[in-house]
């Protein structure tokens with residue numbers, strides 16, 4: 001993320017660029033409407049066929065997969081930065097922890113000042129733990145990644161499935177009147193009241209309003225993300241470390257191996273998520289179908305889907321003008337991630353266009369291709385002239401406690417050598 005162009009690994013930049021673009025495809029919903037709709041679409045802004053089509057497309061192709069891919073790339077970049085620091089005679093731990101501390105500050109600012117959906121704080125805190133493992137060989141990193149992901153997903157699938165089964169019994173024909181009343185109350189909570197909607201909208205009237213609402217309702221959320229899904233993040237980062245060290249993420253494997261991995265994992269992912277989407281749509285988003293499939297059964301597929309996508313990207317994007325555009329987005333991924341939030345709050349907060357809660361899910365997504373185009377259009381021309389994206393430069397300068405040079409030196413400025 002914060003190295004000069006001469007030190008780049010093109011494949012890492014391309015994958016990172018595509019991942020950060022994919023993340024915004026899902027994040028836009030969390031910016032445009034009540035948070036509850038992000039986790040349960042019928043809660044708000046979900047009335048038309050277009051809304052369902054957009055949900056299905058994101059669910060099958062994007063949701064969870066590109067965030068996982070971004071997390072994997074974070075782990076790979078972590079090892080790359082540490083290795084180069086050590087090669088330059090620096091203490092790897094000092095360089096790494098300085099970066100993580102600054103990233104945590106950015107993440108907390110992102111959460112408290114702008115939007116609830118920040119992932120940077122989680123990356124920073126989990127990244128402080130992931131450093132312990134960076135010297136390990138790929139096979140041990142893969143083993144630890146599998147253990148970490150299993151420790152995350154196995155209880156989720158088992159206990160989540162048990163909980164859903166119990167709730168379904170309470171809503172079934174054999175349930176007592178008290179149990180049915182309890183479940184009716186729980187079902188009613190899935191659709192926000194007019195008062196809740198008004199409160200949410202008031203919390204998006206301005207940045208001060210967002211800060212006040214956040215401090216009142218979820219002041220510790222960034223820190224609770226570590227016990228909440230830190231094991232998943234750690235497992236994905238370890239996968240990234242293994243992928244980098246083994247050469248998988250640097251394009252060192254044969255095209256045949258990438259093709260086999262892409263065909264197997266992407267094909268399997270599309271089949272599983274396609275079937276899940278079919279079940280959810282056929283049940284008209286019944287909570288007893290939607291929540292098990294959306295938030296329990298398919299979660300363990302996220303890492304496999306991300307690995308398959310990485311292999312597919314290796315096959316499709318090699319070199320050329322298109323690859324360079326996506327790579328530039330990846331080189332400025334930090335800026336593009338935060339910049340997308342800035343665009344989102346300008347569109348939806350009251351001090352901007354005030355569209356929060358005014359558009360449906362499908363209508364909100366129509367802004368996504370526009371933001372993608374902005375990412376692709378600005379990143380390369382900027383990086384042709386400057387060493388880093390604006391936020392990459394700030395991250396690097398603060399982590400090194402030094403005002404880093406921003407503008408690239410032109411050929412005329414480089415002194416001739418004898």
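Nothing in this text is a laboratory measurement; each read-out follows from the coordinates by a stated rule. A quick note: this is a predicted structure, and the numbers were derived from the prediction, not measured. Methodologically, a virtual Cβ is constructed for each residue, glycine included, from the backbone with ideal geometry; neighbour enumeration extends over all protein chains shown.
Taking 0.36 nm per residue of separation and subtracting the current Cα-Cα distance, fully stretching the chain between residue 150 and residue 86 would add 19.8 nm. Label separation (residue 176 vs residue 286): 2.5 nm, computed from points 7 Å beyond Cα along the C-beta direction. Remark: the range 106-231 is approximated by an ellipsoid whose semi-axes, taken from the C-alpha gyration tensor as √(5λ), come to 34, 29, 8 Å, largest first. Report relative contact order for the range 5-412 in percent, whole number only (criteria: Cα-Cα under 8 Å, sequence separation at least 6). Value for the range 5-412: 33 percent. The calculated FRET efficiency for the pair residue 168 and residue 8, based on their C-beta separation and a Förster distance of 60 Å, comes to about 0.70. Projected label points at residue 136 and residue 212, each 7 Å from Cα along the beta carbon direction, are separated by 4.8 nanometres. With contributions of -39500 (n - 2.57) from each DSSP H run of at least four residues, the per-residue ellipticity at 222 nm computed over the chain stands at -22500 deg cm²/dmol. Packing here is the average count of other Cβ atoms within 10 Å per residue, and on that basis the peptides 351-357, 339-345, highest first, run 339-345, 351-357. Taking other Cβ atoms within 10 Å as a rough exposure proxy, 403, 393 sort from fewest to most as 403, 393. Rounded to the nearest angstrom and listed largest first, the equivalent-ellipsoid semi-axes of the chain from its Cα gyration tensor are 37, 25, 21.
For the chain, a Gaussian network of Cα nodes joined below 10 Å ranks 400, 180, 99 by mean-square fluctuation, and the top entry is 180. Comparing 173, 381, 192, which has the greatest mean-square fluctuation in the GNM of the chain with Cα pairs linked when under 10 Å apart? The residue with the greatest mean-square fluctuation here is 173. Here the Gaussian network model covers the chain, with springs between Cα atoms less than 10 Å apart; of 16, 387, 135, 135 fluctuates the most. Spherically averaged projected area of the convex hull of Cα atoms, the range 266-418: 14.9 nm².
By the count of neighbouring beta-carbon atoms within 10 Å, fewest first, 384, 118, 324 end up ordered 384, 324, 118. Among 125, 375, the ranking by other beta carbons within 10 Å of each residue's beta carbon, starting with the fewest, stands as 125, 375. Dividing the mean sequence gap of close Cα pairs (under 8 Å, 6+ apart) by how many residues the range 69-228 holds gives a relative contact order of 25 percent. At a Förster radius of 45 Å, what calculated FRET efficiency corresponds to the Cβ-Cβ distance of residue 402 and residue 254, to the nearest 0.05? The computed FRET efficiency comes out at 0.60. Oblate is the label for the range 186-293. Its Cα gyration tensor axes, ordered a ≥ b ≥ c, give a/c of at least 1.5 and b/c at or above a/b. Overall dimensions of the range 6-107, expressed as equivalent-ellipsoid semi-axes from the Cα gyration tensor (√(5λ), whole Å, largest first), are 37, 16, 8.
Taking the longest Cα principal axis of the chain as reference, the axis of helix 138-171 is set at about 10 degrees. Compared with the alpha-carbon gap, the fully stretched path from residue 196 to residue 48 is longer by 51.0 nm at 0.36 nm per residue.
Mean separation of Cα pairs under 8 Å and 6 or more residues apart, divided by the residue count, gives the range 139-265 a relative contact order of 45 percent. Once you order the gyration tensor axes a ≥ b ≥ c over the Cα atoms, which shape class does the range 68-144 get: rounded for a/c under 1.5, otherwise prolate or oblate by comparing a/b with b/c? Oblate, since a/c reaches 1.5 and b/c is not below a/b.
For the range 256-350, the square roots of the Cα gyration tensor eigenvalues, ordered a ≥ b ≥ c, give a/c of at least 1.5 with a/b no greater than b/c, which places it in the oblate category. The stretch between residue 384 and residue 270, if pulled fully straight at 0.36 nm per residue, gains 37.3 nm over its current Cα-Cα span.
A simple spin-label model places pseudo-atoms 7 Å from Cα toward Cβ; at residue 94 and residue 278 they are separated by 5.9 nm.
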